[in-house]
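What follows is a set of notes on a single structure, which appears directly below.
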Amino acid sequence: MYRIAIVIGLAGCDVAFHVDHVDPDGPPLTCKAGTPFPTGTPVALAGDHSVEGARFSADQNTGYLALCPADGTKTGCDLYQSPWSETTHTFGQFIDMAISAPGFYDSYPTLTPDTQHLLFSSRRGGSTEIYLATAVDGIFAAEGVQPLAVAATNATTKFVASNEPTALGDGLTIYFSASYGSADGSNELFRSTGGPPAYGPLETLTSLSAPGNDNAPVVTDDELEIFFASDRASATSSFDALDIYTATRATKTDAFGDIQLVSSLSTPFTDYPLWISPNGCDLYYINKDGAQVATLYAAHR
């Protein structure tokens with residue numbers, strides 16, 4: 001078991017966020033889709049925080065996290081960037097991104113492979129919605145933030161909410177969850193292509209749909225394996241009853257099938273996946289305890 005030390009640098013809260021270049025060509029998949037994950041190891045955080053979201057750059061040299069207050073409330077959740085060492089399993093200094101909206105919920109920061117766009121979720125507009133920040137001269141700033149076109153609207157009907165974007169290594173494809181068109185108003189999973197700043201067409205992952213909420217899609221770059229959170233096993237639909245599920249397919253033009261509960265990563269509390277490494281071997285996920293404080297875990301297969 002390894003422990004990770006983090007230093008939080010709040011002095012940089014108001015500075016612009018600078019992005020270093022990341023090679024968009026990640027390593028080939030080395031862990032076969034469908035290979036089970038064992039129970040993960042908790043990632044220790046210095047200080048009192050609830051981890052709402054965590055992603056990493058393709059080379060796993062940089063981490064992007066959403067940290068919320070330790071009491072589990074969803075106000076004041078801000079986005080942070082930090083160097084990450086796979087060798088020593090440590091973060092460097094955390095810098096609050098300049099695109100965070102003080103006092104609001106911001107989460108799920110996802111950098112596109114060209115490092116020019118950052119997708120994230122926010123409640124700054126009243127409901128949870130996916131936003132896009134575009135870098136100017138390698139810097140993200142608050143004035144460069146706008147709602148993501150495809151996540152905000154489908155044809156003439158607006159999503160009630162959209163959340164949890166994840167960008168694939170091709171730089172053209174995103175997956176996310178949203179409440180749109182379902183009979184009970186619950187969340188479903190979507191895929192969209194085209195690349196930033198606008199994505200389309202939109203595809204609903206109907207083969208994964210079930211009564212209740214489906215959230216937090218995490219997909220391998222070859223799109224043959226997906227992990228997501230669902231409360232389908234709960235007697236009543238509840239975000240507090242999310243467990244981690246997985247499904248595979250032979251080609252990315254097939255529908256996902258053979259949906260399985262990932263029991264090794266699921267608990268009686270709230271669990272959802274966050275990020276899978278480009279080689280398909282490392283999966284990061286969240287477990288929220290009974291007090292709704294979220295802990296980041298890492299699993300390796």
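The values are calculated or read from the model by the stated rules, or taken from the named source; none is laboratory data. Note that the structure is a prediction, hence the values are computed from the model and not measured. As a convention, Cβ positions derive from the backbone with ideal geometry for all residues, glycine included, and neighbour counts pool all protein chains shown.
Which of the residues spanning the stretch 86-99 are of a type outside the set (Phe, Trp, Tyr) and in contact (Cβ under 8 Å) with a residue 24 or more places away in the chain?
Glu86, His89, Thr90, Gly92, Gln93, Ile95, Asp96, Met97, Ala98, Ile99
Mind checking which residues of the stretch 56-68 are surrounded by 24 or more Cβ atoms within 10 Å (Cβ to Cβ) and either in contact with a Ser or Thr (Cβ under 6 Å, 6 or more places away or on another chain) or in a loop (DSSP other than H, G, I, E, B) (or both)?
Gly63, Ala66
Across the stretch 242-301, which residue is surrounded by the fewest Cβ atoms within 10 Å (Cβ to Cβ) among those that are assigned to a strand (DSSP E or B) and of a type in the set (Gly, Ala, Ser)?
Looking at the filtered set, the residue picked out is Gly257.
Which residues, taken from the stretch 91-124, are over 16 Å from Val51 (Cβ atoms) and not in a loop (DSSP other than H, G, I, E, B)?
Answer for the stretch 91-124, where residues must be over 16 Å from Val51 (Cβ atoms) and not in a loop (DSSP other than H, G, I, E, B): Gln93, Ile95, Leu111, His117, Leu118, Leu119, Ser122.
For the stretch 185-238, what are the residues that are touching a residue at least 60 places away in the same chain (Cβ under 8 Å), more than 24 Å from His117 (Cα to Cα) and part of a strand (DSSP E or B)?
Hit for the stretch 185-238 is Glu225, nothing else.
Can you name the residue in the stretch 69-93 that is touching a Phe, Trp or Tyr at 6+ places or on another chain (Cβ under 8 Å) and crowded, with 20+ Cβ neighbours inside 10 Å and, of all such residues, is farthest from Leu118 (Cα to Cα)?
By that ranking, first place goes to Phe91.
Identify all residues within the stretch 169-200 that are among the β-branched types (Val, Ile, Thr) and either modelled with pLDDT of 95 or more or crowded, with 19+ Cβ neighbours inside 10 Å (or both); write none if there are none.
Within the stretch 169-200, Thr173, Ile174 meet the criteria.
Name the single residue, out of those in the stretch 28-46 being surrounded by 14 or more Cβ atoms within 10 Å (Cβ to Cβ) and modelled with pLDDT of 85 or more, that is nearest to Leu67 (Cα to Cα).
Among residues in the stretch 28-46 that are surrounded by 14 or more Cβ atoms within 10 Å (Cβ to Cβ) and modelled with pLDDT of 85 or more, the one nearest to Leu67 (Cα to Cα) is Val43.
I need the full set of residues from the stretch 226-241 which are at pLDDT 90 or above, surrounded by fewer than 22 Cβ atoms within 10 Å (Cβ to Cβ) and among the charged types (D, E, K, R), in order please.
Hit for the stretch 226-241 is Arg232, nothing else.
Being of a type in the set (D, E, K, R) and in contact with a Ser or Thr (Cβ under 8 Å, 6 or more places away or on another chain) is true for just one of Lys288, Lys252. Which residue is that?
After ruling out the rest, the residue left standing is Lys288.
Out of curiosity, is Asp214 crowded, with 18+ Cβ neighbours inside 10 Å, among the acidic types (Asp, Glu) and closer than 25 Å to Leu65 by Cβ?
yes
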